[in-house]
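Shown next, in C-alpha cells, is the structure this report addresses.
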Ligand code: UTP
C-alpha cells in the first residue's frame, strides 16, 4: 500500500491536494480507513479522469440538442436482423423456445444481473432488488427473480430429462454487495444453491465538480460512484467471472437489469428509452435525446415507427463475445456524463446537501459493446409481458412501484383468464378483463401467481372452470388445494 506521503504527492501532482485538507482533523482510525480508500484510487489516471469529466460535462451542457451529424448515418435495424414475438410465425417462435430449453437443460446458459446501481430516483437506502413493490405476497424483486430461475431449471429438466443449473451472477457495487449478501443469507438464498449464486463487485470512481475537483463527501471520505452498468466488462475481468463460466460450461449469458426484460416497440415517439438502430452500418443504441423529434416520429408504410426498437436493457451474449470484449474492446468504451446532486463538505467542513446538480458522475453503459459484435440481432417482445421498469418513487408519473405491481398483477390476471378461471374483485363482482394492450398503471385485480407455480403462464390447467375471489395468491399450497 502506498504511504501517506506518496498519496499526497500524487494528489498534489494531479491538482487534487484539497482531498487531504481535513487530514489533521481526523482521528487515527479515520485516517487509517481514509488512507486505505485513497490507496484504491487509480492515482496515475486521476488527473485525466477529473479533466475528462469536467470537459465532457461542459460539452454535454453546451450541446443538449440532437446530434445532427448522426442523422445522415442513422438507419433502423434491418428486418432480417429483427425477430418479433408479435410478428414472427409461431413455428419460428416455438423453435427458439425449444432451442432455449435445450441449452438451459445442458447447463450452458447463465443469467447475469446488473445490480450495482444506487437507485437514487427510487430513493431507498438499500439495493433496489430488496424492494417490495407491494404485491399481495410481499415478495421482493430479488425473490421473484430467484424463483423464476428455480422454475426455469425445473421446466428444462422436465422437458429434456436432464438435471441442470442456471448459475446466477450478480454484479454489485460497494453500496449493494454487503446488504445483498446478507439479504440472500437471511432468506436461505430463496431455495437456490448458494454455490450457484456468484456475487461480484464493480469498480467505483470519484465524483468530480464541474471544475474538475474530486468531491469530498466527508472530511475523510471521497464521494465515489459505481462506474455505470458498462463497468460490467472490467468487473468480469477483475473478478475472474468468465473463467468461472468456462469451468461450469456456460456458453450463453443473459444480462438484465434489476428492474426488467427484452426489447419492445416504443410506446410513443418521445418515450425516453434508447433506440436500437444502426449508425454507419454498425449496431448501436442511440439515446432518445440524440435524435431529432421529426426523426423519432417517422413512420413506415405500415404505420409503425421506423425507430421503434426501444432498448430495455435485456441482452443475450455468447461467452466468447464477452471474452473478446474483455480482452480487446472494453477500454474503447466511452464514459457518459451524468450531472448529479452529490452531498459534500464545504471548505469549512460543513456538510452540504445540494439542491441543484453540483457533481459529475462518469458512467459506462452495458450496451456500448454492440458495435463490436459480429452477429447482432434484435428481438421485439410484448411490452405488457416483458417491460415495466422500477425507476421512481410513487408519485412520479411513470415507472413506479405502483406501475410495476399493476403490470405484474395484470399479466397474472391474463394468465388466469386464459387458463379458464373467472376472477372476482374484492366485493365478489366479476369484472371484464382489460385488453392486453391496456396501460400498465390501470389498477389490476390482485391475482398473483408464484413463479414457482408458473413461469410464463404454463401449467395453469388447475384453474380451468374455477371462480376465484381476489386477492388471491396462487402458490404451491393454493395449487394443491385447488387440485384436491
Ligand atoms: P439505472 O441507470 O436505472 O440506475 O440502472 P439506477 O442506479 O438503478 O438508478 P438511478 O439512476 O440512481 O435512479 C439500470 C440498471 O443498471 C444497474 C442498476 O442496478 C440497474 O439494474 N447499474 C447501474 C449497475 O449495475 N451499475 C451501475 O454503476 C449503474
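Values quoted throughout were computed directly from the atomic coordinates according to the rules given, and no laboratory measurement underlies them. Values in this document were obtained by computation on a predicted structure and should not be read as measured data. Note: ideal-geometry Cβ built from the backbone for every residue, glycine included; neighbour counts use all protein chains shown.
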(request) Quick one: grab the alpha carbon gyration tensor of segment 30-118, order the square roots of its eigenvalues as a ≥ b ≥ c, and give me rounded if a/c is under 1.5, else prolate or oblate depending on whether a/b is larger than b/c. (result) oblate
(request) Report, in cubic angstrom per residue, the convex hull volume of the C-alpha atoms of the chain. (result) 175 Å³
(message) Neighbour counts of other C-beta atoms within 10 Å: give me 297, 374, 36 arranged from fewest to most.
(response) 374, 36, 297
(message) Could you order the peptides 169-175, 276-282 from most to least packed, using the average number of other C-beta atoms within 10 Å per residue?
(response) 169-175, 276-282
(message) For a test of the definition: using alpha carbon positions, the gyration tensor, and the 1.5 limit on a/c, classify segment 72-230 as rounded, prolate or oblate.
(response) oblate
(request) Return one number: the angle in degrees, 0 to 90 and rounded to the nearest 10, between the long axis of the Cα atoms of helix 46-62 and the longest principal axis of the Cα atoms of the chain. (result) 60 degrees
(request) Taking the Cβ of each residue in 18, 412, 254 as the centre, tally the other Cβ atoms inside 10 Å and list the residues starting with the fewest. (result) 18, 254, 412
(message) Just to be sure I understand: if I project the alpha-carbon convex hull of segment 100-154 onto a plane and average over all orientations, what area do I get in nm²?
(response) 4.9 nm²
(request) Jot down the per residue volume, in cubic angstrom and as a whole number, of the convex hull over the alpha-carbon atoms of segment 262-383. (result) 170 Å³
(message) So for each of 137-145, 326-334 I average, over its residues, the number of other beta carbons within 10 Å; can you give me the resulting order with the highest mean first?
(response) 137-145, 326-334
(message) Taking a ≥ b ≥ c as the square roots of the Cα gyration tensor eigenvalues, with a/c under 1.5 meaning rounded and otherwise prolate when a/b beats b/c, else oblate, which class fits segment 173-321?
(response) oblate
(request) Arrange 352, 258, 342 by Cβ neighbour counts within 10 Å, fewest through most, would you? (result) 352, 342, 258
(request) Sort out for me the Cα centre separation of segment 445-477 from segment 89-130, rounded to whole Å. (result) 22 Å
(request) Return the distance in nm (one decimal) between the two label points of a simple spin-label model at residue 328 and residue 352, each offset 7 Å from Cα along Cα→Cβ. (result) 4.8 nm
(request) Obtain the nm distance between the two label points defined at residue 97 and residue 157 by a simple spin-label model: each point lies 7 Å from its Cα along the Cα-to-C-beta direction. (result) 2.1 nm
(request) Provide the packing ranking of 155-161, 28-34, i.e. peptides ordered by the mean count of other C-beta atoms within 10 Å per residue, highest first. (result) 155-161, 28-34
(request) Would you kindly state how much longer the chain becomes between residue 287 and residue 339 on full extension, computed as 0.36 nm times their sequence separation minus their alpha carbon distance, in nm to one decimal? (result) 17.1 nm
(request) Return the calculated 222 nm mean residue ellipticity for the chain, to the nearest 500 deg cm²/dmol, obtained by summing -39500 (n - 2.57) across DSSP H runs with n ≥ 4 and dividing by the residue count. (result) -9000 deg cm²/dmol
(message) Under a crude label model (7 Å from the Cα following the beta-carbon direction), how far is residue 185 from residue 484 in nanometres?
(response) 3.8 nm
(request) Using only the Cα atoms, work out Rg/Rh for segment 176-231, with Rh taken as the Kirkwood radius, to two decimals. (result) 1.17
(request) Please give the length that would be gained between residue 18 and residue 106 if that part of the chain were fully extended, namely 0.36 nm times their separation in residues minus their C-alpha to C-alpha distance (nm, one decimal). (result) 26.1 nm
(request) May I ask you to list the residues of segment 120-164 whose amide nitrogen lies under 14 Å from a point 7 Å from Cα along the Cα→beta-carbon direction of residue 244? (result) none
